[in-house]
Amino acid sequence: VCLLLMGVSKLDILYRRLLLTKLFIRGWGRPEDLKRLFEFRKMIGNRERCQNLVSSDYPVYIDKIEEQSDCRILDGHFVSPMAHYVPGIMPIESVIARFQFIVPKEWNSKYRPVCIHLAGTGDHNVLNYFKTFSLTHILKWLQETQGPNARRSSLKNVSDLFVMGGALVLESAALLHWLEREGYGPLGMTGISMGGHVSIFISTDIYVMFTRSRKLSMVVDL
């Protein structure tokens, strides 16, 4: 309570002025982009329509397999479904969604549980917790929109926030479909920061599609 009654300290003001990373430096974004995003929101915001935006056979590709003593690490990619529904809205560097698979060589039961981790800004690594298969959806949006020489992460337009959220939802649906085709389950969702927020949204928008077959069983927001 005492902290709530305190005014803004000089240290807080100084720290804020020293921050080199600034958000939304270009404003809301182009009006035509915002108009297209509002139209797209009508689709993704409707649960029944959202469940059918990504087909169950959406193509996913494995680029590299690295053998470890107790697991395999697979690097893969696929075209973001967002690029099909709102062409040209994404930075060219973000059209290809990339992920990393960590698969144990031996399973302790007949089940092969999978947890999709939506990485937060700058978080491109994952630890394998709970002895579950881990799949990290690498979110490089914030860095790639600034070019290959970017050292910090920030959104330049408010519209970028809507694009990033919509892309993550559709890309997660593509990964869930692919995991289901490969015979993994039960499936789980987890995330940090923006990834955690989107994992909650996925649980309410496309959750029903997978819980009908008791596939998606866990959503964790970190």
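The values are calculated or read from the model by the stated rules, or taken from the named source; none is laboratory data. If you're wondering where the values come from, they're calculated on a predicted model, not measured in any experiment. Glycine also receives a Cβ, built like all others from the backbone with ideal geometry; neighbour counts cover every protein chain displayed.
Tabulated data for the structure shown
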read-out	value
Test for PHE210: is it out of contact with any His (no Cβ under 6 Å at 6 or more places or on another chain) and modelled with pLDDT of 55 or more	no
Residue satisfying all of: in the stretch 69-95; more than 19 Å from ARG181 (Cβ to Cβ) and without any contact (Cβ under 8 Å) to a residue 24 or more places away in the chain; farthest from the chain's Cα centre (by Cα) among these	SER69
Residue list for the stretch 177-196, restricted to those being within 13 Å of the chain's Cα centre (by Cα) and either modelled with pLDDT under 50 or closer than 19 Å to PRO81 by Cβ (or both)	MET189, GLY191, MET194, GLY195
Residue within the stretch 52-63 that is charged (D, E, K, R), at pLDDT 90 or above, in contact with a Leu (Cβ under 9 Å, 6 or more places away or on another chain) and surrounded by fewer than 16 Cβ atoms within 10 Å (Cβ to Cβ) present	yes
Unmet requirement for GLU171, which otherwise passes all of (1) modelled with pLDDT of 75 or more; (2) over 14 Å from the mean Cα position of the chain (by Cα); (3) of a type in the set (D, E, K, R)	(2)
Hits in the stretch 169-185 - residues which are closer than 17 Å to ILE200 by Cα and touching a Phe, Trp or Tyr at 6+ places or on another chain (Cβ under 7 Å)	VAL169, ALA174, LEU175, LEU176
Residue that is nearest to the chain's Cα centre (by Cα) [pool: residues in the stretch 39-68 that are under 14 Å from VAL103 (Cβ atoms) and of a type in the set (A, V, I, L, M, F, W, C)]	ILE62
